[in-house]
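Remarks on the structure that follows.
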Amino acid sequence: MIELLGVSVAYDGAPRPAVRDVSLAIPAGEFVALVGPSGSGKTSLLKTINRLIAPTSGVIRIEDRDAAEFPTHELRRRIGYVFQGVGLFPHMSVRENIAITPSLLGWPREQIVARVDAVFDLIALPRDYLDRAPAALSGGERQRVAVARALAAEPRIVIMDEPFGALDPVTRDALGQAYRALHERMGLTTVMVTHDTQEAALLADRIVVLRDGAVVADDTPRAMLSGAHPEATGLFDTPRRQAAAIADLAR
Amino acid sequence: MNAQLAAAFATLPNYLSQHVLLSLSSMALGAGVSLPLAIWAARRPRLRWPLLAATSLVQTIPALALLALFYPLLLALSGATQNLLGASVPSLGFLPALLALALYAMLPIVRATISSIAGIEPAITEAADAVGMTSSQRLWRVELPLAAPSIVGGFRTAMVWTIGAATLATPVGQVSLGNYIFSGLQTENWVFVLFGCAASVAVALVADQLLALVETGAARRDWKRIFVGAGGFVLAALAALAPAAHATRGAYVIGAKNFSEQYILADLMALRLQAAGLSSEKREGLGSAVVFRALAANDIDVYVDYSGTLWTSLMHRTDNPPREKMLAELRDWLKRTSGVVMLGAVGFENNYALAMKRERARQLGVTTLVDLARVAPQLTFGTDLEFQSRPEWKSLREAYELRFRAIKSYNPTFMYRALDDGQADVITAFSSDGRILAQNLVTLDDPKNAFPHYDAIVLIAQKRADDAKLRAALQPFVGAIDLARMRRANLEVDRDQEKLTPRAAAEKLGREAGLLK
Ligand SMILES: Nc1ncnc2c1ncn2[C@@H]1O[C@H](COP(=O)(O)OP(=O)(O)OP(=O)(O)O)[C@@H](O)[C@H]1O
Ligand SMILES: [Mg+2]
């Protein structure tokens, strides 16, 4: 359960706030996609959830406790986070990167080993990649490792910022589906930022549209595609038109 | 030539181990202070500038001056702790050298640490926060490992600087490879100078190459390379330090200023003590202001000074009494003010005198300082490094109204060279200097008695005042060496052909003067 109450983020020296008075309640087990044009404040809003950014005003509640009450490192160990920029540690192997949060939590060695194996299977990479340095991976492979790292400590909440951005459409779809299945199986609460409204529509239970830092629409994918939210129509027109065009071509 | 090299190699284990011990200790202290400071400042941009500015400022002070500054500082501290705690910190030798070099080592380490930590990509430090690291976990698991190659690079620079600068510890009484360079410079023993330079360069190169392995190893996360570099460094250090571990410290410390006569007399005193069954060690190449203070502070036990020097520089006297009267007054004054015992006069005087080439003096018709004053405006005056700040120069100038066309100061060796090749017309010479004979110089008479007498006198520190064995071993020095013998011994060390080491000259002089069998 994630609750945002009147959350605003204003960067020092910026003319306008990046996030403006956002209130959202995300029940446990829900998969929310956060969409919106570039610069609309998606990353800024997402980072308030694990307090990489402290909101200028407003309250964030995680599992019914004010997030500001947790020591930040404890809060963050409980929330899996996938960076828009990947953010793997260059001096650690893939294995060490994935194992980092469990090791910070002081898990026993065997448990860490087993867990690294388990999450690594999810991302469908050859096993010998475990001992490689992140620099020896392609952009898409690194993104997959970042997803595995976010899941390693068995978080209840996962927040992801463009996690599949660098992947080819086939892998992207496969990994999206695999993640969605995991979300179901583990009972995760997921917030995923994406540019891709088609992906949002196919994976999420609920889509939140941001524009200029404010929520302009918040509804199910079906309602979004049906044009119930005129503010978001532009965003969903494109995938709908493309889908129709491809269906025409295939006929 | 071979004898000189053999003499150099004979002292190498001792000089090298002391040099390495000093360099490593200074690095350890410098790094121990710099690293935490730099890590702290890397997190706080506001502290960065002051820390970098302060360490850079230290770096702009010439190393020699920095070393020299720590001596009076520690001397004052030593006095304070003596009053407060009844125990004093040593102000000569290892401690001032250690502190100055540690300060000197800070800049490269601070700069490398701050810039490498502050230069880590923000995305990586943010990732460290996002996976739930505390700020110390972030430091140890992410920032330091990523900054390690640059920090080792900073260490490398600091290590090479420190090894080079450690040669400058000699004048504050710390034995180092600089002993070759300083004594070689004074006695025109170029074999020693080159040997000292080569040894210090070799040590620096070895340290640099081994640390380079650690640096590249850290950059490539190649543990084998790091291990080889660090292990090699430790082994090399241990090998160099080995002689220091079982070196026996001498019971007595003999001081010497930085010219040939002082080296010879210090060696001769050491030989006398040895004959009497007493062990000793030497602190050579000390500045003339440092050496008396060191004796007064009991950091050294014995050395030879000159009556006129103490008379003018320490007692601040400008009158010029007869020889015996001056010695008597000086003896009382020393006893009263610092407890230092004047054992007696060695026999010869080493007076300040102005000297010219015999030919040139005849051309100009100069035999006395009165004559010199007449032609001085056309002449260039070459002095040793300290003469112009000594009170003798003031009284000389005033007594004869000397006005030179130019005044230049030189290291004594180069001062004689300057007179020889005409860069200087008149120089400050010492009456016992062998080069007066060798270069056929004349010393100018001083009819107005502007220069006092400079009897060579043996001085003993207060704490050894009642040491009968020491006094018995040194008592025979009184009246034992006349000017001709001292001049010849000095010449044997200073000349270019058939050069003797100070020790060989001391043995010869000792036998001639009946001080050694
Ligand atoms: N550290 C910062 N300092 C100042 N302004 C910032 C900072 N980070 C982001 N901004 C600004 O805040 C606004 C929102 O940025 P944010 O990164 O949240 O956008 P986004 O929706 O994630 O965009 P994108 O889809 O391109 O990733 C932008 O106008 C951006 O320029
Ligand atoms: Mg973004």
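The values are calculated or read from the model by the stated rules, or taken from the named source; none is laboratory data. What you see is a predicted model; the values in this text were computed from it and never measured. Using ideal geometry, Cβ is built from the backbone for each residue, glycine included, and neighbour counts are taken over all protein chains shown.
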(request) For the range A:23-48, name all the residues that are within 15 Å of ligand 2 (Cβ to nearest atom), surrounded by 15 or more Cβ atoms within 10 Å (Cβ to Cβ) and touching a residue at least 60 places away in the same chain (Cβ under 8 Å). (result) A:Ala33, A:Leu34, A:Val35, A:Gly36, A:Ser40, A:Gly41, A:Lys42, A:Thr43, A:Ser44, A:Leu45, A:Leu46
(request) Taking A:Ile60 as meeting all but one of (1) in contact (Cβ under 8 Å) with a residue 40 or more places away in the chain; (2) outside any helix (DSSP H, G or I); (3) within 14 Å of chain B (Cβ to nearest Cβ), write down the number of the exception. (result) (3)
(message) Would you confirm whether or not the range A:77-87 contains a residue that is at pLDDT 90 or above and either away from every other protein chain (no Cβ under 12 Å) or over 21 Å from the mean Cα position of the chain (by Cα) (or both)?
(response) no
(message) Scan the range A:11-20 and tell me whether some residue there is under 30 Å from B:Trp223 (Cα atoms) and either in contact with a Leu (Cβ under 6 Å, 6 or more places away or on another chain) or part of a loop (DSSP other than H, G, I, E, B) (or both).
(response) no
(message) Test of understanding: among B:Asp319, B:Asp299, which residue is free of Cβ contacts under 8 Å to residues at least 12 places away in the same chain, part of a loop (DSSP other than H, G, I, E, B) and either surrounded by fewer than 16 Cβ atoms within 10 Å (Cβ to Cβ) or not aliphatic (A, V, I, L, M) (or both)?
(response) B:Asp319
(request) Test each condition in (1) away from every other protein chain (no Cβ under 14 Å); (2) at pLDDT 90 or above; (3) on the phi > 0 side of the Ramachandran plot for A:Gln111 and report the one that comes out false. (result) (3)
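Quick one: in the range A:89-101, of everything that is more than 10 Å from chain B (Cβ to nearest Cβ) and surrounded by 20 or more Cβ atoms within 10 Å (Cβ to Cβ), which residue is farthest from B:Met133 (Cα to Cα)? Before the answer, list the steps.
Going through the range A:89-101, the residues more than 10 Å from chain B (Cβ to nearest Cβ) turn out to be A:94-95, A:98-99.
Cutting the leftovers down to surrounded by 20 or more Cβ atoms within 10 Å (Cβ to Cβ) gives us A:94, A:98-99.
Working: A:Val94: 18, A:Ile98: 14, A:Ala99: 13 Å.
Out of the qualifying residues, it is A:Val94.
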(message) Looking at the range A:214-247 only, could you name the residues that are among the small types (Gly, Ala, Ser) and either under 20 Å from A:Ser38 (Cα atoms) or out of contact with any strand residue (DSSP E or B) (no Cβ under 8 Å at 6 or more places or on another chain) (or both)?
(response) A:Ala214, A:Ala217, A:Ala223, A:Ser226, A:Gly227, A:Ala232, A:Gly234, A:Ala243, A:Ala244, A:Ala245, A:Ala247
(message) Give me the residue from the range A:203-224 that is of a type in the set (Gly, Ala, Ser) and farther than 16 Å from A:Asp237 by Cα and, out of that set, surrounded by the fewest Cβ atoms within 10 Å (Cβ to Cβ).
(response) A:Ala214
(request) Could you check, for the range A:69-81, whether at least one of its residues is free of Cβ contacts under 8 Å to residues at least 24 places away in the same chain, under 22 Å from A:Val215 (Cα atoms) and either within 16 Å of ligand 1 (Cβ to nearest atom) or loosely packed, with under 15 Cβ neighbours inside 10 Å (or both)? (result) no
(request) Take A:Ala28 and decide whether it is within 16 Å of ligand 1 (Cβ to nearest atom), in a loop (DSSP other than H, G, I, E, B) and under 30 Å from A:Leu210 (Cβ atoms). (result) no
(message) Between B:Leu205, B:Leu241, which is surrounded by fewer than 19 Cβ atoms within 10 Å (Cβ to Cβ), modelled with pLDDT of 85 or more and closer than 30 Å to B:Gly277 by Cα?
(response) B:Leu241
(request) Looking only at the range A:225-235, count how many residues are over 20 Å from A:Ser23 (Cα atoms), surrounded by 18 or more Cβ atoms within 10 Å (Cβ to Cβ) and away from ligand 2 (no atom under 16 Å from the Cβ). (result) 1
(request) Just name the residue that is nearest to ligand 2 (Cβ to nearest atom) out of those in the range A:63-76 that are under 20 Å from A:Met186 (Cβ atoms) and within 14 Å of chain B (Cβ to nearest Cβ). (result) A:Arg76
(request) Output the residue which, of all residues in the range A:9-19 that are away from ligand 2 (no atom under 14 Å from the Cβ) and surrounded by fewer than 18 Cβ atoms within 10 Å (Cβ to Cβ), is nearest to the other protein chains (Cβ to nearest Cβ). (result) A:Asp12
(message) Of all residues being touching a helix residue (DSSP H, G or I) at 6+ places or on another chain (Cβ under 6 Å) and more than 30 Å from B:Gln137 (Cβ to Cβ) in the range B:25-55, which is surrounded by the most Cβ atoms within 10 Å (Cβ to Cβ)? Just the residue, please.
(response) B:Ser26
(request) Mind telling me which of the residues A:Val209, A:Val216, A:Val170 ends up being within 18 Å of the chain's Cα centre (by Cα) and β-branched (Val, Ile, Thr)? (result) A:Val209
(request) Name every residue in the range A:75-112 that is assigned to a helix (DSSP H, G or I) and within 15 Å of A:Ile53 (Cα to Cα), in order of residue number. (result) A:Leu75, A:Arg76
(request) Quick one: A:Ile53 ticks every box in (1) away from every other protein chain (no Cβ under 14 Å); (2) closer than 19 Å to A:Leu75 by Cβ; (3) more than 8 Å from ligand 1 (Cβ to nearest atom); (4) among the aliphatic types (A, V, I, L, M) except a single one, so which number is it? (result) (1)
(message) If the requirement is being assigned to a loop (DSSP other than H, G, I, E, B), within 16 Å of ligand 1 (Cβ to nearest atom) and either surrounded by 15 or more Cβ atoms within 10 Å (Cβ to Cβ) or more than 14 Å from every other protein chain (Cβ to nearest Cβ) (or both), which of these qualifies: A:Ala200, A:Ala166, A:Ala153, A:Ala146?
(response) A:Ala166
(request) Pull up the range B:351-369, narrow it to residues that are modelled with pLDDT of 90 or more and of a type in the set (S, T, N, Q), then point me to the one that is surrounded by the fewest Cβ atoms within 10 Å (Cβ to Cβ). (result) B:Gln363
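Please state which one of B:Ala147, B:Ala165, B:Ala112, B:Ala127 is closer than 30 Å to B:Ala240 by Cβ, surrounded by 18 or more Cβ atoms within 10 Å (Cβ to Cβ), within 14 Å of another protein chain (Cβ to nearest Cβ) and at pLDDT 90 or above. Steps first, answer last, please.
Numbers: B:Ala165 fails: within 14 Å of another protein chain (Cβ to nearest Cβ); B:Ala112 fails: within 14 Å of another protein chain (Cβ to nearest Cβ); B:Ala127 fails: closer than 30 Å to B:Ala240 by Cβ.
From the options B:Ala147, B:Ala165, B:Ala112, B:Ala127, the qualifying one is B:Ala147.
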(message) For the range A:8-25, give me each residue that is within 8 Å of ligand 1 (Cβ to nearest atom) and either within 14 Å of A:Val208 (Cβ to Cβ) or of a type in the set (Gly, Ala, Ser) (or both).
(response) A:Gly13, A:Ala14, A:Ala18, A:Val19
